[in-house]
Amino acid sequence: MKLWTKRLWKIEYQTNGLNYKVATMKNLNSLCEYLPWDSHLFDIRIARIKKCFLNNREIKQCIRWCRENKITCVYYLVDPARVNSIHLAESSGFHLVDIRVTLETDILASPYINMPLKETMPLVREANRNDIVEIKKIAKENHFDTRFFKDKRFPRDKSAELYELWIEKGFKNVHGIVLVAKIKKKTAGYIVLDISENHTGKIELVGVNNKFRDRGIGGALVCAALRWFNINGAKRATVVTQGTNISALRLYSKWGFLPHETQCWYHLWCLPSEKK
Ligand SMILES: CC(C)(COP(=O)(O)OP(=O)(O)OC[C@H]1O[C@@H](n2cnc3c(N)ncnc32)[C@H](O)[C@@H]1OP(=O)(O)O)[C@@H](O)C(=O)NCCC(=O)NCCS
């Protein structure tokens, strides 16, 4: 425990007259965090563990903190290289819900930013407000591979809503853009992009309507994303997907993305019957 955290804990505990619970919450600020946005969407109290590996004492502290703060579900993103942390998480009741793979590419060295586009490639353009309804409709039914759908305790309609909201967030993001692929005036796919301060372009979300898959539309969207990142000053680009999402992994690797990091998503449901 860091010295300042220890001191803060002691001061709270000894002088404030506040109870032990308050001191414990402060003490654990570096380990656990309440997630208001997720809690609001799913209408339960949700938190996350901020570290990617915990020892036995820390994991017990987190679980106690969750109980004291009436948390229903806690997310824990674990570094799989820390095998002990995986074992501890599993023996403490956490369930594996997803494998998270981060891929990245060097934009400046990408051969695709200046490549002449084939005539057969679908039209990709900036999405406008008239596209939003159709994009949201596709997004709602497109991301069943993600941890919110895999963890059956999250209601499916709420998990689907999450992706609709993500599209809306993309439209409002002043540092990003939503691109849309059109086939004969029909919305075939979308890609949500963002550029952070450190010149990193992020593919937030990509999806192609089921009816239009495997025709290179995903590729056209990723290619357009790389070009948009380049024009807007990004030096590298990253994307996160599921380790089980073979079509997405193939798509990104085809357009120059290489694996950068693999992590495991665990969830712990602190329901009364599951108290340890
Ligand atoms: C991932 C996704 C965007 C790809 O769109 P797409 O238009 O089909 O992409 P493309 O046609 O350009 O390329 C897809 C590649 O995956 C391959 N592929 C598709 N399904 C596959 C499968 N089940 N197993 C193996 N390969 C598969 C295709 O053959 C192609 O590879 P190739 O070019 O080497 O032949 C689309 O499948 C999708 O919307 N999925 C649901 C949402 C999602 O998972 N998004 C990504 C995570 S945010």
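Of all residues in the stretch 212-230, which are touching a helix residue (DSSP H, G or I) at 6+ places or on another chain (Cβ under 8 Å) and more than 6 Å from the ligand (Cβ to nearest atom)?
Val222, the sole residue that qualifies.
Which residues, taken from the stretch 118-146, are within 13 Å of the ligand (Cβ to nearest atom), free of Cβ contacts under 8 Å to residues at least 60 places away in the same chain and among the hydrophobic types (A, V, I, L, M, F, W, C)?
Within the stretch 118-146, Ile135, Phe144 meet the criteria.
So that you can scan it fast, the table gives a plain yes or no per residue for (1) among the hydroxyl-bearing types (Ser, Thr, Tyr); (2) touching a residue at least 24 places away in the same chain (Cβ under 8 Å); (3) over 30 Å from Lys235 (Cα atoms):
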position	(1), (2), (3)
Ser91	yes, no, yes
His95	no, yes, yes
Val101	no, yes, no
Asp106	no, yes, no
Ile113	no, yes, no
Pro116	no, no, no
Lys152	no, no, yes
Ile177	no, yes, no
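Taking the stretch 202-211, which residues are near the ligand (Cβ under 7 Å from one of its atoms) and among the β-branched types (Val, Ile, Thr)?
If the condition is that a residue be near the ligand (Cβ under 7 Å from one of its atoms) and among the β-branched types (Val, Ile, Thr), then Val206, Val208 are the ones that fit.
What's the number of the only condition in (1) within 15 Å of the ligand (Cβ to nearest atom); (2) at pLDDT below 95; (3) not hydroxyl-bearing (Ser, Thr, Tyr) that His199 fails to meet?
(1)
The values are calculated or read from the model by the stated rules, or taken from the named source; none is laboratory data. Note that the structure is a prediction, hence the values are computed from the model and not measured. Cβ sites come from the backbone with ideal geometry, for glycine too, and all protein chains shown count toward neighbours.
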